[in-house]
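The values are calculated or read from the model by the stated rules, or taken from the named source; none is laboratory data. Computed from a predicted model, the values in this text were never measured in an experiment. Backbone-built Cβ (ideal geometry, glycine too); neighbour counts: all protein chains shown. We work out accessible area using only protein heavy atoms, side chains counted, and drop any ligands, DNA or RNA first. Shrake-Rupley method; radii C 1.70, N 1.55, O 1.52, S 1.80 Å.
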Amino acid sequence: MSGLSTKHLLGIKYITADDINLIFKTADNFKDVLNRPIKKVPSLRDVTIANVFFENSTRTKISFELAEKRLSADVVNFSASSSSVNKGETLIDTVNNILAMKVDMVVMRHPSPGAPVFLSKHIDANIVNAGDGTHEHPTQALLDAYSIRERVGDLKGKKVLIIGDILHSRVALSNIFCLQKLGAKVMVCGPPTLIPKYINTLDVKVEYNLKKALEWCDVVNILRIQLERQTDEGIPIKYFPSLREYAMFYGVTKELLQSLKKDILVLHPGPMNRGVEISSDVADSDQAIILDQVENGVAVRMAVLYLLAGKLD
Ligand code: CP
């Protein structure tokens, strides 16, 4: 296979297992580049990329910017909080104004699910979804799966558990699609109020007891509670009595991991809430590959941008 099946990365749902494996193979090469004294290649010279972020980000924003600069792209950064969006400009007008300055690709984070799909139907540039509300976060899922594969090999048949706020998590949905396309078995675990009703359409196992779920898996991906999304028109909704109670029933601790008869691999996409969904002694343990995920994120995003640039009109 010579290239990706798509000119955008809107979600893992819209790409194939061949696309994912091509991204991983390309990321392997870029990981070698990143371990050299000179970490830069000229692959995207003359390509201009706009990072358009309508929502907060630490890891994804820095990771994309570094990936773009390592590929020698020209980079412009746009943050909604300091833009004319606050003066009533629409998403399409904002992006078309950026594109009028001869931008080739747009990396976008937006609070509304479907915003990147909508944009891809109205503008010519290649779009990369850097997280759209509760919908998808495809590059996070790619870097998570890439990091698992690096430690345990082929994902086919591996058992991966995702714990936490599945209802509000774009990382959960993208991970489910990605892991299943690679042949892994997926289980989700969390309070019943944070497991979406549509979960039974996704062919994943559901377990509400954390100990039983951990006993089943080879790998666990621990998600944070997304309090900022647990609202109805700005009014907070309580999905569980307190963070303290959540930590008691769904927090992953060293004691719990030591009670298992095996070592499991621990991932967390960040940002972490230490002492809530994960204890510090787990987050900082040898079982956890949280900073490896961040490191691999740059190589995986370089691969995505490089392959999509091959699809520029
Ligand atoms: N994992 C992740 O998306 O983190 P940021 O929100 O900091 O980008």
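If I ask for residues that are more than 16 Å from the ligand (Cβ to nearest atom) and under 15 Å from residue 127 (Cα atoms), which ones from the range 76-96 would you list? I'd like the intermediate steps shown before the answer.
Step one: filter the range 76-96 for residues more than 16 Å from the ligand (Cβ to nearest atom), giving 76, 82-96.
Correct list: 76, 91, 92, 94, 95, 96.
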- Message: If residue 191 satisfies all but one of (1) within 22 Å of residue 11 (Cα to Cα); (2) open to solvent by less than 60 Å² (accessible area, probe 1.4 Å), what's the number of the condition it fails?
- Response: (1)
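Tell me, which strands (runs of 3 or more DSSP E) lie completely within the range 196-313 with 1 or more residues that are surrounded by fewer than 16 Cβ atoms within 10 Å (Cβ to Cβ)?
On the way: elements: 205-207, 219-222, 265-267.
Strands (runs of 3 or more DSSP E) meeting the threshold: 205-207.
Residues that are over 22 Å from the mean Cα position of the chain (by Cα) and surrounded by fewer than 19 Cβ atoms within 10 Å (Cβ to Cβ): does the range 105-117 have at least one? Write out each step before concluding.
Initially, the range 105-117 is screened for residues over 22 Å from the mean Cα position of the chain (by Cα), giving none.
No, that holds for no residue.
Can you give me the number of residues within the range 219-254 that are over 30 Å from residue 155 (Cβ atoms) and either outside the structural domain of residue 266 (by TED's automatic domain parsing) or of a type in the set (Phe, Trp, Tyr) (or both)? Explain how you work it out, then say what you get.
Pass one, the range 219-254, residues over 30 Å from residue 155 (Cβ atoms): 227-228, 230-245, 248.
So of that shortlist, the ones also either outside the structural domain of residue 266 (by TED's automatic domain parsing) or of a type in the set (Phe, Trp, Tyr) (or both) come out as 239-240.
Residues that pass the stated criteria total 2.
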- Note on the structure: Only one of (1) touching a Lys or Arg at 6+ places or on another chain (Cβ under 9 Å); (2) without any contact (Cβ under 8 Å) to a residue 24 or more places away in the chain; (3) assigned to a helix (DSSP H, G or I) does not apply to residue 97, and that is (1)
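Assess whether residue 67 counts as being part of a helix (DSSP H, G or I), open to solvent by less than 10 Å² (accessible area, probe 1.4 Å) and under 17 Å from residue 47 (Cβ atoms).
Details: part of a helix (DSSP H, G or I): yes; open to solvent by less than 10 Å² (accessible area, probe 1.4 Å): yes; under 17 Å from residue 47 (Cβ atoms): yes.
The answer is yes for residue 67.
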